[in-house]
Amino acid sequence: MQKVMFYCQHILGMGHLIRSIEIVRGLIPNFQICFINGGQVIKEFEFPTEIEVINIPAVKTDAEFTELRPVDDNLTMAEVETIRRDLLLGICDRFKPDILIIELFPFGRRRFSFELIPLIEQAKSRGTKIVSSVRDIIVTKQNQQRHEEKVCRLINQYFDLLLIHGDPNFVKLNLSFSRLDDLNCPVHYTGYVVQPISPPQILLEQPLILVSVGGGRFGHDLLECVAKTAPLLEAKVPHQIQMFTGPFCPEAVLQKLREITCNQNNITVERYTTNLLAYMQQADLSIGMSGYNTTMNILSTGVRAMMMAFQGNNDQEQATRVAKLANLGRVKMIQPTDLDPEKFAHNIIDYLQHKPTELNLDLQGVVNTAYYLQQLVDRPLIAAT
């Protein structure tokens, strides 16, 4: 069986990890997988039992992406860099992958070049195919021209395939990266990567409003607004509000939310669930951020949604995605000025009466990714699409 080494580094949220693992699930029938997790370990997160998972010393960042720092306070960043690089080279030498998939790099994660360039060069020296796996919208840089020149140079020097996990009929990568035509390797849009829908479960007897903000390192203002809105909704809608703060939510934020809602019967605050998609299937309304995976869950379940964009570090990825969905009538976009309990309660009541527009997007990203990777190792890809 052919081997895939999959490198994933999440530094703020958990979206990169979730998307990467869904891709991996689609590869399990035909590939032996070694998955490298470079981000903070989420104790409750469920990895497929069929794969080898290696958690290398974790690295995280602040909400403005100003610096990288070890999750383990006993290590310096310089020590972590050395340990991680040596580990990755050792894993590659032991595992001997036929394909090395690197999530996001070189469109992002270039601060991890200290380990990725040596890893790529070692893998290529033994004939491993190198693949870049990216979402539909990438973060633009202050000096975008210089950034794109570096991306082109790295792709053309090292990579055999670029997979874009999106639907070009909705968003093309050109929107955030203008030099796609200058890349020499084959480029394929796979469709969106979504989590599989299971048979519906009844998790609550009452109608449900679901509130979630991904990993939980940001979105705290939205969570607090919903918590303060709950009393205004209790007499007006029969819904139970189920809030998940995310596994990385600071303890002080979680405790504040529990204090705000301690006397409220219509809202429950929890940190994390491995069953978020089942809650979303049951919900009448989802309230949250507009990251890739949350958006895909909304599209696959058909739930109506109110979504707010993360804009730290002047990141326009989520704002771009939610604005397009709002313009198409699929979701309601939450502005920072909407985060007033009275106004927010009115918007929730109003939007519960709204019927979202149905969109016909390609959600076959898992299947198509597996196909393109199998083609890569079976025979050369004939043409880019």
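Residue by residue through segment 183-205, note down the ones that are over 19 Å from Asp362 (Cα atoms) and surrounded by 14 or more Cβ atoms within 10 Å (Cβ to Cβ).
Leu183, Cys185, Pro186, Leu203, Leu204
Pairs under 7 Å by beta carbon, first residue modelled with pLDDT of 95 or more in segment 350-373, partner aromatic (Phe, Trp, Tyr), six or more apart or different chains?
Leu361/Phe170; Leu361/Tyr192; Asp362/Tyr192; Leu363/Tyr192; Gly365/Tyr192
Condition check: in the same structural domain as Thr190 (by TED's automatic domain parsing), of a type in the set (Asp, Glu), crowded, with 19+ Cβ neighbours inside 10 Å and more than 24 Å from Leu277 (Cβ to Cβ). Does Glu79 satisfy that?
No; evaluated as a whole, the condition is false for this residue.
Report yes if some residue within segment 96-104 is crowded, with 16+ Cβ neighbours inside 10 Å and touching an Asp or Glu at 6+ places or on another chain (Cβ under 8 Å); otherwise report no.
The answer is no, given that none of the residues of segment 96-104 is crowded, with 16+ Cβ neighbours inside 10 Å and touching an Asp or Glu at 6+ places or on another chain (Cβ under 8 Å).
Which residue pairs have Cβ atoms closer than 8 Å, lie 6 or more positions apart in sequence or on different chains, and pair a first residue in segment 153-168 that is among the charged types (D, E, K, R) and modelled with pLDDT of 95 or more with a second residue that is surrounded by fewer than 22 Cβ atoms within 10 Å (Cβ to Cβ) and part of a helix (DSSP H, G or I)?
Listed pairs, sorted by first residue: Asp160/Leu376.
To keep it simple, each residue is scored yes or no on (1) touching a residue at least 12 places away in the same chain (Cβ under 8 Å); (2) surrounded by fewer than 17 Cβ atoms within 10 Å (Cβ to Cβ); (3) not assigned by TED's automatic domain parsing to the domain that holds Val237.
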| residue | (1), (2), (3) |
| --- | --- |
| Glu317 | yes, no, no |
| Val322 | yes, no, no |
| Gly329 | yes, yes, no |
| Thr337 | no, yes, no |
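For a quick check of your reading: which strands (runs of 3 or more DSSP E) sit entirely within segment 13-113 and have at least 1 residues that are of a type in the set (S, T, N, Q) and modelled with pLDDT under 95?
Where strands (runs of 3 or more DSSP E) fall fully within segment 13-113 and carry at least 1 residues being of a type in the set (S, T, N, Q) and modelled with pLDDT under 95, they are 59-61.
Would you mind stating whether Val187 is among the aliphatic types (A, V, I, L, M), under 29 Å from Gln311 (Cα atoms) and within 18 Å of the chain's Cα centre (by Cα)?
For Val187, the condition - among the aliphatic types (A, V, I, L, M), under 29 Å from Gln311 (Cα atoms) and within 18 Å of the chain's Cα centre (by Cα) - is not met.
To keep it simple, each residue is scored yes or no on (1) touching a Pro at 6+ places or on another chain (Cβ under 8 Å); (2) surrounded by fewer than 19 Cβ atoms within 10 Å (Cβ to Cβ).
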residue: Gly216; (1), (2): yes, no
residue: Glu224; (1), (2): no, yes
residue: Thr229; (1), (2): yes, no
residue: Cys249; (1), (2): no, no
residue: Lys256; (1), (2): no, yes
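From Glu205, Glu270, Glu259, grab the single residue that is over 22 Å from Thr301 (Cβ atoms) and of a type in the set (D, E, K, R).
On inspection, the qualifying residue turns out to be Glu259.
Scan segment 194-223 for residues that are under 23 Å from the mean Cα position of the chain (by Cα) and among the acidic types (Asp, Glu) and jot them down.
Asp221 - this is the single residue of segment 194-223 that is under 23 Å from the mean Cα position of the chain (by Cα) and among the acidic types (Asp, Glu).
Scan segment 294-313 and give yes if some residue there is surrounded by fewer than 14 Cβ atoms within 10 Å (Cβ to Cβ), among the hydroxyl-bearing types (Ser, Thr, Tyr), touching a strand residue (DSSP E or B) at 6+ places or on another chain (Cβ under 6 Å) and closer than 24 Å to Val134 by Cα, otherwise no.
No, because not a single residue in segment 294-313 is surrounded by fewer than 14 Cβ atoms within 10 Å (Cβ to Cβ), among the hydroxyl-bearing types (Ser, Thr, Tyr), touching a strand residue (DSSP E or B) at 6+ places or on another chain (Cβ under 6 Å) and closer than 24 Å to Val134 by Cα.
The values are calculated or read from the model by the stated rules, or taken from the named source; none is laboratory data. Treat the numbers as computed from the prediction; the structure is a model and nothing was measured. For neighbour counting, all protein chains shown are included, and Cβ atoms are generated from backbone atoms with ideal geometry for every residue, glycine included.
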